[in-house]
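See structure below.
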There are 2 protein chains.
Amino acid sequence: MSKAEILIIDDEPQIRKLLEITLESNDFKVWLAETGKEGVIMAANHPPELILLDLGLPDKSGHEILKELRTWYNKSIIILSVQNNETDIVQALDNGATDYLAKPFRNAELLARIRSAIRRNQTPNNNNVINCDDVEIDLTARTVKKNNELIKLTSTEFNLLVLLAKNEGRVLTHHFILKEIWGVGYQTETQYLRVFIGTLRKKIETNHNQPKHIVTESGVGYRFC
Amino acid sequence: MSKAEILIIDDEPQIRKLLEITLESNDFKVWLAETGKEGVIMAANHPPELILLDLGLPDKSGHEILKELRTWYNKSIIILSVQNNETDIVQALDNGATDYLAKPFRNAELLARIRSAIRRNQTPNNNNVINCDDVEIDLTARTVKKNNELIKLTSTEFNLLVLLAKNEGRVLTHHFILKEIWGVGYQTETQYLRVFIGTLRKKIETNHNQPKHIVTESGVGYRFC
DNA sequence: ATTTTTCTTTATAAAATCTTTACAAATTTT
DNA sequence: AAAATTTGTAAAGATTTTATAAAGAAAAAT
């Protein structure tokens, strides 16, 4: 599972730094923007899982930025603000903010609210899939489809296929593959690998005499796609 | 559009009255419960669009009620509490609370947070019935039907089936299932799991030698559907 | 207090997967 | 082109994993 990405839009350097440290040490990937404009551009280029938005920005009102983001961004936006008046809170929530936290906020609470907001983003099918021609590998579900039909792989076969697919186009040496799948100590058991590559090919190649997906690099290893 | 229904679970009569008046004048239909137990029953009989839950209940801790509700209720639950300490807030949010508001709260803010929470309900995946071929699982009533006939499951069997069904199509590892159903500390008791999968199959599979619903992924875990 | 139900544990059978061997086929080197 | 090396395939044996029954323990219901 890769890290969830959070975009922070705040003009105060200390707050940015504090948030950056807190969030990164809690296993999030953090992006920083100083102005609303910059934030909108960053969000558009690389939509994060969640946005932390300060209301008091120098260029535009945070409320404006929120509205602008909400025209297309539909994941969570948590407002951070020194303003703790009802008007701002109500306005922000009604403009589509997921949550509103007054500064100074408490770290653990912020983190819990972030987890909660991200949890709610999680629609059932945001699975992690690798596609390659007629082969589709779903890492979360642990399924492999060929021409949209489910294929049954054993655990080791699946792990091997994922390793190859994750390194698509790259040659992986026998040593490397054996170390990754079977562990250190098995690095010379190249025969294991041959047998498993064989069964994999039978299952995912259309014509297993002319493999298109799992290609042999004689003397070196194998390459996917 | 009919009125959205809100269930209030709070033991303080003044608060109940205050909330009732506020919410009804804002076009919500209000249900009232004085104790956690009563609240759970009312929620089950007539699932509301949102639940306002007080943490300091006389019969059980509000945290317990929250957990109990969250085993099947997946619309919004907002916590109201006189406690404003981080521990309670974090615990509640991590147990699946949608939001947490400290008493005394401001009316307009509460209303805005309620609107926000209800707005988010509209998005998918708040279905309380899972259908899969000839099997129908009703999370609210805690019943399972096969070909429209009720099937009797024990509590553990039901929980296991729900866990699998909620993750339809995805492999769940032995470890994960054991942790979720039996709790941490049971993660190596894979034999429990085998026995329970066995009885579940006998009950819901048409031909339990060729299971269609609960599929074994040897060396990894099980998959539903 | 007794019966019934559910859960835990043990034993064993069955199935699936992995490892190993043997040899054929393909590729590279000489 | 022949020899040497590497790779692919099939199949047998070994091992691991899973399924099922059934008995004892614990919990719940009567």
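The values are calculated or read from the model by the stated rules, or taken from the named source; none is laboratory data. Quick caveat, the model's predicted, so the values are computed rather than measured. We place every Cβ from the backbone using ideal geometry, glycine too, and count neighbours over all the protein chains shown. Ligands, DNA and RNA are excluded from the accessible area calculation, which covers all protein heavy atoms including side chains. Shrake-Rupley method; radii C 1.70, N 1.55, O 1.52, S 1.80 Å.
Restricting attention to segment B:65-86, which residues are modelled with pLDDT of 90 or more, part of a helix (DSSP H, G or I) and open to solvent by 20 Å² or more (accessible area, probe 1.4 Å)?
Scanning segment B:65-86 gives a single hit, B:Glu86.
Right, A:Ser61: among the polar types (S, T, N, Q), more than 26 Å from the chain's Cα centre (by Cα) and surrounded by 19 or more Cβ atoms within 10 Å (Cβ to Cβ) or not? Break it down stepwise before answering.
Numbers: among the polar types (S, T, N, Q): yes; more than 26 Å from the chain's Cα centre (by Cα): yes; surrounded by 19 or more Cβ atoms within 10 Å (Cβ to Cβ): no.
It is false that A:Ser61 is among the polar types (S, T, N, Q), more than 26 Å from the chain's Cα centre (by Cα) and surrounded by 19 or more Cβ atoms within 10 Å (Cβ to Cβ).
Mind listing just one residue for me: the one in segment A:137-157 that is closer than 21 Å to A:Ile177 by Cβ and outside any strand (DSSP E or B) and, of those, nearest to DNA strand D (Cβ to nearest atom)? Steps first, please.
Residues of segment A:137-157 closer than 21 Å to A:Ile177 by Cβ: A:137, A:139, A:142, A:144, A:151, A:153-157.
Adding the requirement that they be outside any strand (DSSP E or B) leaves A:139, A:142, A:153-157.
Details: A:Leu139: 19, A:Arg142: 13, A:Leu153: 14, A:Thr154: 10, A:Ser155: 8, A:Thr156: 11, A:Glu157: 14 Å.
So, considering only residues that are closer than 21 Å to A:Ile177 by Cβ and outside any strand (DSSP E or B), the one nearest to DNA strand D (Cβ to nearest atom) is A:Ser155.
Mind checking which residues of segment A:189-225 are open to solvent by 50 Å² or more (accessible area, probe 1.4 Å) and either among the aliphatic types (A, V, I, L, M) or more than 10 Å from DNA strand C (Cβ to nearest atom) (or both)?
Correct list: A:Val195, A:Lys202, A:Lys203, A:Thr206, A:Asn207, A:His208, A:Lys212, A:Val220, A:Arg223, A:Cys225.
Exactly one condition in (1) touching a residue at least 24 places away in the same chain (Cβ under 8 Å); (2) open to solvent by 10 Å² or more (accessible area, probe 1.4 Å) is not met by A:Ala108; state its number.
(1)
Considering segment A:131-186 alone, what residues qualify as being surrounded by fewer than 15 Cβ atoms within 10 Å (Cβ to Cβ), at positive phi and not acidic (Asp, Glu)?
Matches in segment A:131-186: A:Asn147, A:Asn148, A:Gly169, A:Gly183, A:Gly185.
Out of the residues in segment B:158-204 meeting the condition of being part of a helix (DSSP H, G or I) and of a type in the set (Lys, Arg), tell me which one is modelled with the lowest pLDDT.
B:Lys166
Could you check, for segment B:117-126, whether at least one of its residues is more than 10 Å from DNA strand C (Cβ to nearest atom), assigned by TED's automatic domain parsing to the domain that holds B:Thr22 and small (Gly, Ala, Ser)?
Yes, segment B:117-126 has at least one match.
So, in segment B:154-191, exactly how many residues are among the small types (Gly, Ala, Ser) and touching a Cys at 6+ places or on another chain (Cβ under 7 Å)?
Selection size over segment B:154-191: 2.
Being at positive phi and open to solvent by 40 Å² or more (accessible area, probe 1.4 Å), is that true of even one residue in segment A:23-45?
Yes, that holds for at least one residue.
Hey, among the residues in segment B:86-110 that are among the acidic types (Asp, Glu) and in contact with a strand residue (DSSP E or B) (Cβ under 7 Å, 6 or more places away or on another chain), which one's nearest to the other protein chains (Cβ to nearest Cβ)? Don't jump to the end; show me each part of the working.
Start the filter on segment B:86-110 by keeping residues that are among the acidic types (Asp, Glu), which leaves B:86, B:88, B:94, B:99, B:109.
From the residues that got through so far, the ones that are in contact with a strand residue (DSSP E or B) (Cβ under 7 Å, 6 or more places away or on another chain) too are B:88, B:99.
On the way: B:Asp88: 10, B:Asp99: 7 Å.
Step by step, filter segment B:86-110, then rank; the result is B:Asp99.
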